[in-house]
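Participant: Pasting a structure here, questions to come.
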Amino acid sequence: MFTRRDFTIIVATLGITLGALALAQDAPPLKVMSSSVFDWTQLAVHKTPIGESRKVCKAPTATLDELEIHVTTLNPGELAHPPHQHPDEELLIIKEGTVEALVNGEWTRVGPGSVIFQASNQLHAIRNVGDTPATYHVIKWNSPGMLKKKQD
């Protein structure tokens, strides 16, 4: 049998939980990115064990749930990460160096100016096979509804 104290605790807990849920749902959406310029000399450099990275942006746009752009520099002989797959699609644009990209189960060697497209849910990877650092731009996006599917 519930006591008056038990009932008060249940009602208070329920009220706090519902209030928190309402606040979470009413949280302002992330600001939609408008036309922007990203100055290479102003991008913060983050050193990593395999090279370095620069975050350009990661935000919703008028037509995408999220647009992420970053620049990675891999030291000679380094693999960015083991082969993996994810629902988002991405473009890699090679700025400098020589890399091999795992695409459709095959490693393909490319250099500066080359473009690599990684389709949704296909195994992919990239490694620096040259004698100098390799730098590439990554453009990755989440179409409407994709981020919600990832959270579910």
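The values are calculated or read from the model by the stated rules, or taken from the named source; none is laboratory data. Fair warning: this is a prediction, and the values are worked out from it, not measured in the lab. All accessible areas refer to the heavy atoms of the entire protein, side chains included, with ligands and DNA or RNA removed. Shrake-Rupley method; radii C 1.70, N 1.55, O 1.52, S 1.80 Å.
Participant: When only alpha-carbon atoms are used, what values of Rg and Dmax, in angstrom, describe the stretch 64-152?
Facilitator: 13.4, 43
Participant: Rolling a 1.4 Å sphere over the protein heavy atoms, what is the accessible area per residue of the stretch 90-152, to the nearest Å²?
Facilitator: 55
Participant: For the stretch 47-60, take each phi angle, set θ = phi - 60°, evaluate the Karplus expression 6.51 cos²θ - 1.76 cosθ + 1.60, and give the result in whole Hz per residue in order, putting x for glycine and proline.
Facilitator: These are the phi-based 3J(HN,Hα) values: 6, 10, x, 10, x, 7, 9, 10, 7, 9, 7, 7, 7, x Hz.
Participant: Additional query: At 37 °C and 0.692 mPa s, grab the translational diffusion coefficient of the stretch 108-152 from Stokes-Einstein with a Kirkwood Rh over Cα pairs, rounded to a whole number in µm² per second.
Facilitator: 245
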